[in-house]
Structure formats: structure tokens, C-alpha cells
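Here is the structure we will look at, set down as C-alpha cells.
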Amino acid sequence: MANPSPGNSITLRVEAPSSFTATSELAAAVGAAGAAITALDVTESHHETLVVDVTCNTTDQDHADRVKDALNALDGVTVRNVSDRTFLMHLGGKLEVVPKVALRNRDDLSRAYTPGVARVCLAIAENPDAARNLTVKRNTIAVVTDGSAVLGLGNIGPAAALPVMEGKAALFKQFANVDAWPVCLDTQDTEEIIKIVKALAPVYGGVNLEDIAAPRCFEIENRLREELDIPVFHDDQHGTAIVTLAALVNALRVVGKKLSEVKIVVSGVGAAGSAIIQLLKAQGAQHIIAAGRSGAIHSGEKYDDEHRTWIAANTNAEGFDGTLHEALKGADVFIGVSAPHVIGEEQVASMADKAIVFAMANPTPEIDPTVASRHAAVVATGRSDFPNQINNVLAFPGFFRGLLDAGASDITPEMLVAAAEAIANRVADDELNASYIIPSVFDPHVAADVASAVANAAAAAAHAAAGTGIAKATAEDSTEEAASAAADTAALANA
């Protein structure tokens with residue numbers, strides 16, 4: 001699959017002979033080379049030459065080189081420079097720290113820092129819970145990784161993972177006004193990671209675990225949830241599960257099928273696959289077959305890790321023990337969170353009528369979406385250059401916004417389901433179709449809707465757990481605070 005992408009966007013500064021047809025000739029050459037032009041700007045105009053910035057999307061570095069060669073091949077044309085727009089965006093990083101208060105004079109300084117700050121410190125020492133209101137803790141998330149499973153790139157280490165974590169933090173701020181910071185750890189030892197995160201926890205209102213390889217990620221999340229009093233969310237698991245459920249709910253509406261009745265095949269039994277299966281089961285899915293590299297997971301096989309053991313015990317009731325390709329025969333839904341090109345057109349053609357294909361491996365899906373669409377009624381991917389992008393950014397900013405607003409200390413299945421329903425409900429009945437089953441990541445209402453749904457679920461959980469009038473009042477206060485914060489988030493997005 002070789003589609004030009006904004007992720008491989010370049011700007012070529014080109015010197016060309018001055019003529020009325022110069023820009024059209026440049027555009028034609030770029031188009032003939034297979035690139036998609038997004039901008040063409042004349043930056044200098046002289047009596048004999050023009051200098052033109054040609055911006056276009058390509059597929060990879062080799063393609064960019066071919067575009068450059070195509071322009072250089074034109075008579076009188078010279079490519080002066082080629083800039084990679086993605087690398088330019090990352091120069092110096094994507095984040096900065098900006099004070100929320102003005103420090104204009106001694107008066108300001110004396111209250112923000114010494115001596116006035118000592119009074120605030122002593123108040124927190126006397127009542128540690130006051131840190132939530134008197135520090136950044138109430139709105140700050142740690143984005144924690146060990147660099148062991150970064151995107152589809154594998155174990156590339158913490159330094160190479162930093163650009164992804166910076167991007168994650170930027171998305172938190174952009175979509176939900178949550179302050180997040182990358183915490184890239186130079187260790188892949190489970191106990192050490194747990195110890196470090198626990199030591200860092202006083203600064204943060206929540207922890208977003210990111211790109212940590214399975215099965216280590218499961219133990220890290222479970223232990224931190226047990227040992228911390230702030231919510232811990234593994235986005236590769238639960239964020240992916242939320243948006244997958246939201247997309248599937250609407251895809252099933254398009255094809256007129258019920259979750260409890262469809263046969264679902266999941267390719268990939270790592271962090272994302274396991275979480276998707278658990279959430280689908282919680283919502284009533286009855287017929288799931290999960291497949292790893294060696295074929296279907298089934299109860300007749302012994303597995304070394306508890307997660308495959310759980311999948312074997314809770315899915316595939318018929319005990320099917322064949323390959324992924326064999327499992328797809330007659331299936332209604334394929335969900336891929338595995339690897340590129342694991343299925344082909346023949347397998348999609350063997351699925352049931354009005355099939356649904358979610359090929360979410362990034363950056364290269366399990367099957368070319370164009371090929372899948374020849375036989376499937378609904379096709380979705382994790383990519384931004386096809387319809388129906390299943391993207392975690394629809395979930396995690398609003399999800400943490402809701403957790404922070406509610407002051408939640410734990411995450412429940414009810415919160416995950418509430419978030420999925422909020423996302424699905426952003427697509428109105430008159431908008432829903434095979435190419436639009438999930439809202440755009442730029443829908444300004446998504447984060448606020450998810451935040452409100454999660455905060456309400458958290459408040460309900462607190463009330464149910466306590467079962468007292470005091471708990472009810474606390475839940476109502478949390479709900480009101482969450483609603484106010486959600487309104488603020490919506491206003492920010494609209495601005």
C-alpha cells in the first residue's frame with residue numbers, strides 16, 4: 001500500500017525559468033511522479049527566474065528522491081533544497097512549560113515563591129490531599145514508557161520513544177486541556193519501572209502507560225493500580241479497546257447485525273487484543289475467536305501467560321484450533337491489532353455477507369483497505385488517510401479529563417463502556433454510513449462528551465461503593481464539577 005501521506009510531506013525549493021507556465025510545469029512533474037501537491041508558493045520573482053516552494057505528500061524517502069529527480073529533469077529547473085516537514089515540526093521538541101501566573105514584581109515573586117510559598121507547603125504537609133487543589137497535580141498526567149513497543153517500530157528504547165510521548169502530551173493539551181509530560185524510563189525491568197512510577201506519583205493526578213511490551217505491561221499496570229491512589233490507564237490496551245468498541249457499535253448499526261450474534265475474529269493477542277476482547281465480552285459479544293502467530297487460541301492448549309490462558313477460557317467455545325485464515329470463513333467481523341498483510345483478499349471474500357473489517361496495524365494494516373473494501377461492507381483502519389480512522393486520540397484525552405474532574409482513583413469497566421458509548425453517539429443517525437462510523441478526531445465535542453460520561457460513571461461508582469448519604473453528596477459534587485470542566489473543555493475546543 002503506497003499512498004502519499006502527510007507523514008512523508010516535503011517542501012522542495014525550486015529555481016525555474018520565469019514564464020507563465022513555470023508553476024504548472026512544476027505541478028505536472030510532481031503529479032507525474034506520484035506525489036500529492038498540497039501547496040505551491042512563488043517566494044521570489046526575478047526577471048529571468050522564479051523561486052518556487054513546492055510542498056507535496058510522498059510515500060517514503062525513495063519516493064521523495066524520485067520527485068526531486070523529476071523536477072531536476074525539467075529544462076532550466078534546479079532543486080535548491082528539500083525539507084522534510086515532519087522533521088522540521090520536531091526541531092527542538094513539541095512541548096514547553098509556560099507559567100500560569102504572571103511574575104511581574106517582588107509582590108508576585110514573594111507569593112509564587114519564597115517566602116509566601118512556605119505557607120502553602122506547610123498546608124500540604126498538614127493535609128496531603130490539599131496538593132490536588134494547590135499544585136499542578138489536579139491537571140497533570142505522566143505519560144510513561146520504557147520504549148519497548150513503540151508504535152509498529154518495536155523495542156527502540158526510551159530516547160527514540162520521546163517524540164511519540166511528546167506528541168501524546170500535545171494531544172492531551174490540545175483536545176482536553178490536560179497537562180501531560182513524557183516520562184521515558186531507561187529501564188525495562190518490571191520492578192524498577194513500578195518503583196520509579198510510584199516514586200514520581202506525588203506530582204501527577206494520573207498515569208498513562210504507553211508503548212510497553214506485553215506481557216510486562218500487564219503486570220506493571222495491575223501492580224500500579226493496586227499500589228497507587230491515582231488512576232493508571234494503559235492506552236495501548238484500554239484506549240484501543242474503547243475506540244474499537246465505539247466503531248464496532250456503529251458498524252453493526254450500518255450492517256444491521258447484533259453484537260451478541262456476530263462471529264468476531266481478533267488477530268493479535270497482545271495488550272490491545274486482550275483488552276478489546278475483554279471489553280467486547282463485557283458488552284455481550286458471545287462468539288469470539290482470537291488468533292496469535294500460531295493460530296487460534298483455544299482451551300485444548302496450555303499457555304505460559306495468564307492472558308492467553310484467560311482468552312482460551314473465555315472465548316472460542318467451539319474449540320476451533322485452526323489458522324487465522326481458516327477462522328475467517330463465515331466470520332462477520334475481523335479486528336486486526338497485529339501485523340501487516342496477515343490476511344488477503346481471499347480471506348475477506350470468505351467472510352459472511354456484510355462483513356466488517358477493522359485492519360488497525362500501524363503504519364501498515366493487516367490488509368490493504370482498498371482491497372478489503374471489494375468484499376467487506378465496512379472497512380476501518382488506524383490510518384488518517386482512509387475513512388473510518390480508529391484512533392486512540394478519540395478516547396484518552398477526554399477519558400483522563402473525566403478522571404481528573406471526578407478525582408477518581410480507579411478505572412472501572414463501566415467507565416470504559418461509557419467512553420465508548422459517548423464516542424459512538426457523536427455520529428448521528430442521519431450521518432451514519434459505511435464510510436463514517438466514528439467521529440473525526442477534530443470533532444470539538446468528543447473530548448467533552450467522553451469526559452462527562454467518564455466522570456458520571458466515576459461518581460456513580462463512588463456512590464455505589466460507599467452507599468451513604470455522604471457518598472451521594474460527594475458523587476453529586478463530582479458530577480457538577482465534571483460538568484463544569486467539560487463545558488470549559490468544549491469552550492476551549494471551540495475557541
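The lone criterion from (1) within 30 Å of residue 362 (Cα to Cα); (2) open to solvent by 60 Å² or more (accessible area, probe 1.4 Å); (3) assigned to a loop (DSSP other than H, G, I, E, B) left unmet by residue 34 is number (2).
Residue 299 meets each of the listed conditions (1) closer than 22 Å to residue 252 by Cα; (2) in contact with a helix residue (DSSP H, G or I) (Cβ under 6 Å, 6 or more places away or on another chain); (3) not basic (Lys, Arg) apart from (1).
Tally the residues that are farther than 16 Å from residue 83 by Cβ, over 37 Å from the mean Cα position of the chain (by Cα) and either open to solvent by 60 Å² or more (accessible area, probe 1.4 Å) or in contact (Cβ under 8 Å) with a residue 40 or more places away in the chain (or both), restricting the search to region 1-25.
First, the residues of region 1-25 that are farther than 16 Å from residue 83 by Cβ: 1-5, 16-25.
Within this subset, residues satisfying the condition of being over 37 Å from the mean Cα position of the chain (by Cα) are 16-25.
Restricting the remaining residues to those that are either open to solvent by 60 Å² or more (accessible area, probe 1.4 Å) or in contact (Cβ under 8 Å) with a residue 40 or more places away in the chain (or both) gives 16-17, 20-21, 24-25.
Here the count works out to 6.
Candidates in region 278-324 are the residues that are charged (D, E, K, R) and under 24 Å from residue 257 (Cα atoms); of these, the one that is surrounded by the most Cβ atoms within 10 Å (Cβ to Cβ) is 281.
Can you work out which of the residues in region 397-455 that are assigned to a loop (DSSP other than H, G, I, E, B) and acidic (Asp, Glu) is farthest from residue 380 (Cα to Cα)? Walk me through it before giving the result.
Residues of region 397-455 assigned to a loop (DSSP other than H, G, I, E, B): 407-412, 425-432, 434-435, 437-445.
Next cut, acidic (Asp, Glu) only: 410, 429-431, 443.
Working: 410: 31, 429: 19, 430: 20, 431: 16, 443: 18 Å.
Filtering first and then ranking leaves 410.
Being in a loop (DSSP other than H, G, I, E, B), of a type in the set (A, V, I, L, M, F, W, C), closer than 19 Å to residue 272 by Cβ and in contact (Cβ under 8 Å) with a residue 60 or more places away in the chain is a property that residue 361 has.
If you check residue 92 against the conditions, is it on the phi > 0 side of the Ramachandran plot and open to solvent by 80 Å² or more (accessible area, probe 1.4 Å)? Before you say what the answer is, go through the steps one by one.
Working: on the phi > 0 side of the Ramachandran plot: yes; open to solvent by 80 Å² or more (accessible area, probe 1.4 Å): yes.
For residue 92, the condition - on the phi > 0 side of the Ramachandran plot and open to solvent by 80 Å² or more (accessible area, probe 1.4 Å) - is met.
Within the group 448, 482, 490, 471, which residue is modelled with pLDDT of 95 or more and either buried (at least 24 other Cβ atoms within 10 Å of the Cβ) or of a type in the set (A, V, I, L, M) (or both)?
Numbers: 482 fails: modelled with pLDDT of 95 or more; 490 fails: modelled with pLDDT of 95 or more; 471 fails: modelled with pLDDT of 95 or more.
So the residue among 448, 482, 490, 471 that is modelled with pLDDT of 95 or more and either buried (at least 24 other Cβ atoms within 10 Å of the Cβ) or of a type in the set (A, V, I, L, M) (or both) is 448.
Which residue out of 117, 136 is open to solvent by 50 Å² or more (accessible area, probe 1.4 Å) and β-branched (Val, Ile, Thr)?
Result of the check over 117, 136: 136.
For first residues located in region 83-111 and farther than 21 Å from residue 173 by Cα and of a type outside the set (Gly, Ala, Ser), partners that are part of a loop (DSSP other than H, G, I, E, B) and open to solvent by less than 70 Å² (accessible area, probe 1.4 Å) and lie 6+ apart or on another chain with Cβ distances below 8 Å form the pairs 108/102. Are there any pairs with C-beta distances below 8 angstrom linking a residue in region 427-438 that is without any contact (Cβ under 8 Å) to a residue 60 or more places away in the chain to a residue that is open to solvent by less than 70 Å² (accessible area, probe 1.4 Å), with the two at least 6 apart or on different chains, and if so which? Filtered contacts from region 427-438: 435/388; 436/388; 436/427.
Taken over region 143-180, the criterion of being polar (S, T, N, Q), assigned to a loop (DSSP other than H, G, I, E, B) and open to solvent by less than 50 Å² (accessible area, probe 1.4 Å) is satisfied by 148 alone.
Filter region 329-341 for residues that are part of a loop (DSSP other than H, G, I, E, B), touching a Ser or Thr at 6+ places or on another chain (Cβ under 6 Å) and open to solvent by less than 60 Å² (accessible area, probe 1.4 Å) and give the result. Working first, answer last.
Within region 329-341, the subset part of a loop (DSSP other than H, G, I, E, B) is 329-332, 337-341.
After this cut, where a residue has to be touching a Ser or Thr at 6+ places or on another chain (Cβ under 6 Å) as well, the list is 329, 338, 340.
The answer is 338, and nothing else.
Of the residues in region 29-39, not one is of a type outside the set (A, V, I, L, M) and over 30 Å from residue 369 (Cα atoms).
Residues checked against (1) within 13 Å of residue 143 (Cβ to Cβ); (2) open to solvent by 10 Å² or more (accessible area, probe 1.4 Å):
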{"residue": "209", "(1), (2)": "yes, no"}
{"residue": "222", "(1), (2)": "no, yes"}
{"residue": "229", "(1), (2)": "no, yes"}
{"residue": "242", "(1), (2)": "no, no"}
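When region 367-387 is examined, which residues are found to be in contact with a strand residue (DSSP E or B) (Cβ under 6 Å, 6 or more places away or on another chain), in a loop (DSSP other than H, G, I, E, B) and modelled with pLDDT of 95 or more? Those that are in contact with a strand residue (DSSP E or B) (Cβ under 6 Å, 6 or more places away or on another chain), in a loop (DSSP other than H, G, I, E, B) and modelled with pLDDT of 95 or more: 367, 373, 376. If you go through region 72-119 and pick out every residue that is within 37 Å of the chain's Cα centre (by Cα), of a type in the set (A, V, I, L, M) and part of a helix (DSSP H, G or I), you end up with 3.
Please pick out the residue among 213, 201 that is in contact with a Ser or Thr (Cβ under 6 Å, 6 or more places away or on another chain) and among the hydrophobic types (A, V, I, L, M, F, W, C).
213
Considering only region 39-47, I want to know if a residue exists there that is buried (at least 16 other Cβ atoms within 10 Å of the Cβ) and of a type in the set (D, E, K, R). Explain how you work it out, then say what you get.
Initial filter on region 39-47 (buried (at least 16 other Cβ atoms within 10 Å of the Cβ)): 40.
Those left that are additionally of a type in the set (D, E, K, R): none.
Checked against the condition, which is being buried (at least 16 other Cβ atoms within 10 Å of the Cβ) and of a type in the set (D, E, K, R), region 39-47 yields no hits at all.
For first residues located in region 37-52 and within 17 Å of residue 72 (Cβ to Cβ), partners that are open to solvent by 70 Å² or more (accessible area, probe 1.4 Å) and lie 6+ apart or on another chain with Cβ distances below 7 Å form the pairs 50/42; 51/13; 52/41; 52/42.
The values are calculated or read from the model by the stated rules, or taken from the named source; none is laboratory data. Just so we're clear, the structure is a prediction, and the values are computed from it rather than from any experiment. Every residue, glycine among them, receives a Cβ derived from its backbone with ideal geometry; neighbour counts consider all protein chains shown. Side chains included, ligands, DNA and RNA excluded: accessible areas come from the protein's heavy atoms. Shrake-Rupley method; radii C 1.70, N 1.55, O 1.52, S 1.80 Å.
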